[in-house]
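Since the structure comes first, as structure tokens, the remarks are kept for the end.
The values are calculated or read from the model by the stated rules, or taken from the named source; none is laboratory data. On a predicted model such as this, the values are computed, not experimentally measured, just so you know. Please note: Cβ atoms are built from the backbone with ideal geometry, for glycine as well, and neighbour counts cover all protein chains shown. Areas reflect the complete protein model, heavy atoms only, side chains present, ligands, DNA and RNA absent. Shrake-Rupley method; radii C 1.70, N 1.55, O 1.52, S 1.80 Å.
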Amino acid sequence: MSTIRHFIAGTDAGAADRTLPVYDPATGEAHRQVAAASTAEVEHAIAVAKEAQRAWRSSSLVKRADVFFRLRQILTERADELAAIVTSEHGKVLSDAAGEVSRGIENVEFAAGLLHHLKGERAEQVSRGVDVHSVKQPVGVVACITPFNFPVMVPLWMVASAIACGNAVVLKPSEKDPSAAIWLARAFQEAGLPDGVLNVVNGDKVAVDALLDSMEIGAVSFVGSTPIARSIYERASANGKRVQALGGAKNHMVVMPDADIDGAVTAAISAAYGSAGERCMAVSVLVAVGDIADDLVEGIRSRIGELRIGPGTDPASEMGPLITREHRDKVASYVAAAAAEGGTVVVDGTQRAFEGDGFFTGVSLIDNVTTDMKVYQDEIFGPVLSVVRVNSYEAAVELINANRFGNGTAIFTRDGGTARQFEYDIEVGMVGINVPIPVPVGAFSFGGWKDSLFGDSHIYGPESIGFYTRSKVVTTRWPDHTPAQLDLGFPSNH
Ligand code: NAD
């Protein structure tokens with residue numbers, strides 16, 4: 001069985017004294033193992049990053065940008081190879097994995113424009129003979145901690161901008177599908193990134209805690225579940241670091257009575273069951289407004305029996321397995337609980353039988369869900385769609401705004417006025433108007449509100465430049481020939 005090690009100073013590293021299994025979710029077999037870094041190994045990676053960062057910071061911006069142009073080329077040409085790695089450890093179907101790679105490339109394209117992003121500001125003659133300008137300087141070494149569900153895209157959300165800003169990075173990918181991160185680090189190296197600027201340490205809480213507690217780490221980017229995001233935020237900020245910690249979600253899709261029903265049904269099926277519901281922007285609650293509910297539920301029910309569920313490597317599969325056996329069983333427990341709590345289980349996918357030991361489940365649809373049910377309250381992160389029926393637009397907005405999560409939401413309507421009002425009213429970070437998964441393009445930033453994000457800064461795009469740099473403001477006066485005057489008062493520009 002092969003062992004995935006760490007990647008430090010441009011080479012495989014680590015003793016692999018302690019390892020964790022990496023499964024192929026389609027077969028259920030532990031086909032690889034990954035080294036779990038010790039505190040000492042993480043500290044070594046940080047020391048390597050700190051040293052490499054000094055030289056990287058002094059490289060010219062144009063040379064830095066070259067790395068991203070070359071990286072884009074590598075990722076584009078070898079996207080299929082990378083997608084296959086994702087499928088072999090995550091389980092998602094190959095077309096979905098390729099989609100993830102292409103969304104990750106957007107972050108590389110954004111980073112390639114670093115010269116533009118790092119420009120400062122200047123004001124001339126703020127006082128007589130005095131000018132002011134600002135510059136953006138790197139924070140130093142950045143820790144990036146990522147979840148299993150997007151093993152390429154989420155690391156690129158962080159790493160591309162952090163490196164573009166002149167930082168070095170220690171990336172701790174999910175221990176469930178770590179190979180893609182190692183592949184990315186090698187691709188950066190091939191693109192010309194100096195060794196030590198991007199390091200990957202594998203492992204679990206031991207590695208994460210070593211990153212959070214190190215005084216050499218200037219900023220922490222985290223994406224994962226809400227309880228862990230909250231604890232990462234608290235521990236890292238208590239240690240004086242800037243932190244962005246993106247958490248879980250419960251995304252509602254509102255369907256107004258005037259919506260295009262076929263379009264809404266198609267969107268709901270794609271967004272709820274794509275990637276087996278293991279997306280932070282998956283639609284998990286359908287909010288049916290008024291009398292459209294029966295048609296919506298029937299439209300979805302009649303089509304989900306046809307979904308082809310199988311190994312991600314089979315081009316015929318539309319949905320792959322879940323990430324682990326335990327997670328599949330947990331998803332099933334929510335469907336069982338929904339029935340016990342009075343929900344109408346229209347389709348129970350957990351009863352569908354599959355050959356072999358893969359972590360497969362069918363898709364489930366639950367109608368008449370209410371806010372007191374567990375299936376509504378928790379992030380399930382599986383192919384389970386709940387339908388909540390409400391009487392009015394106002395009730396839909398109230399429902400969503402009362403939810404503790406605020407990652408993404410969508411409204412399906414033909415009425416521009418309703419759509420505009422929704423955009424204004426809704427307390428959620430990313431909104432789709434007839435778009436079910438509104439993940440912003442790379443030139444914007446991504447982030448939820450409430451329990452979906454701890455910290456002040458959204459991730460990738462323009463906000464990432466602020467997060468990964470410290471601004472310095474310089475006030476300048478050059479000696480002219482006027483004699484200097486002694487003045488102990490606070491300097492005034494008037
Ligand atoms: P997770 O929280 O279990 O793990 C995320 C990372 O934290 C991993 O690297 C893991 O090794 C590490 N980790 C786990 N437990 C830890 C602990 N006790 N202490 C320190 N580190 C720990 O999340 P996951 O299951 O890998 O990913 C799924 C979750 O991520 C879902 O909740 C999903 O909504 C969320 N997610 C959010 C976004 C977003 O942008 N908001 C994007 C993708 C995924």
Worksheet item: Quick one: is Glu463 in a helix (DSSP H, G or I) and open to solvent by 70 Å² or more (accessible area, probe 1.4 Å)?
Response: yes
Response to the item:
Scanning the range 310-367 residue by residue, those of a type in the set (D, E, K, R), assigned to a helix (DSSP H, G or I) and surrounded by fewer than 19 Cβ atoms within 10 Å (Cβ to Cβ) turn out to be Arg325, Glu326, Asp329, Lys330
Worksheet item: Identify, please: which residue in the range 196-226 is among the polar types (S, T, N, Q) and within 8 Å of the ligand (Cβ to nearest atom) and is, among those, farthest from Ala37 (Cα to Cα)?
Response: Thr226
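Here is a yes/no grid of residues against (1) among the hydrophobic types (A, V, I, L, M, F, W, C); (2) open to solvent by less than 10 Å² (accessible area, probe 1.4 Å):
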| site | (1), (2) |
| --- | --- |
| Asp131 | no, no |
| Ser134 | no, no |
| Ile163 | yes, yes |
| Asp177 | no, yes |
| Ala180 | yes, yes |
| Leu211 | yes, yes |
Item to complete: Within the range 93-106, identify whether any single residue is in a loop (DSSP other than H, G, I, E, B) and either modelled with pLDDT of 95 or more or surrounded by 13 or more Cβ atoms within 10 Å (Cβ to Cβ) (or both), and answer yes or no.
Response: yes
Worksheet item: Out of (1) within 16 Å of the ligand (Cβ to nearest atom); (2) assigned to a strand (DSSP E or B), the odd one out for Arg279 is which?
Response: (2)
Practice prompt. Please state which one of Val154, Val142 is modelled with pLDDT of 95 or more, under 18 Å from Val223 (Cβ atoms) and assigned to a helix (DSSP H, G or I).
Written response: Val154
Discussion item. Can you say whether Ala229 is open to solvent by less than 10 Å² (accessible area, probe 1.4 Å), near the ligand (Cβ under 9 Å from one of its atoms), assigned to a loop (DSSP other than H, G, I, E, B) and more than 24 Å from Ala40 (Cβ to Cβ), as far as the supplied structure shows?
Written reply: no
Response to the item:
Result of the Cβ filter at 8 Å on the range 437-451, keeping first residues that are open to solvent by 50 Å² or more (accessible area, probe 1.4 Å) and partners that are more than 11 Å from the ligand (Cβ to nearest atom) and in a loop (DSSP other than H, G, I, E, B), at least 6 apart or interchain, is Trp449/Glu427; Trp449/Val428; Lys450/Asn403; Lys450/Arg404; Lys450/Glu427
Discussion item. Just the residues that are acidic (Asp, Glu) and touching a residue at least 24 places away in the same chain (Cβ under 8 Å), please, taken from the range 367-419.
Written reply: Asp367, Asp372, Asp378, Glu379, Asp415
Discussion item. Testing Ala245 on (1) farther than 29 Å from Arg78 by Cα; (2) assigned to a strand (DSSP E or B); (3) more than 10 Å from the ligand (Cβ to nearest atom), one condition comes back false. Which one is that?
Written reply: (3)
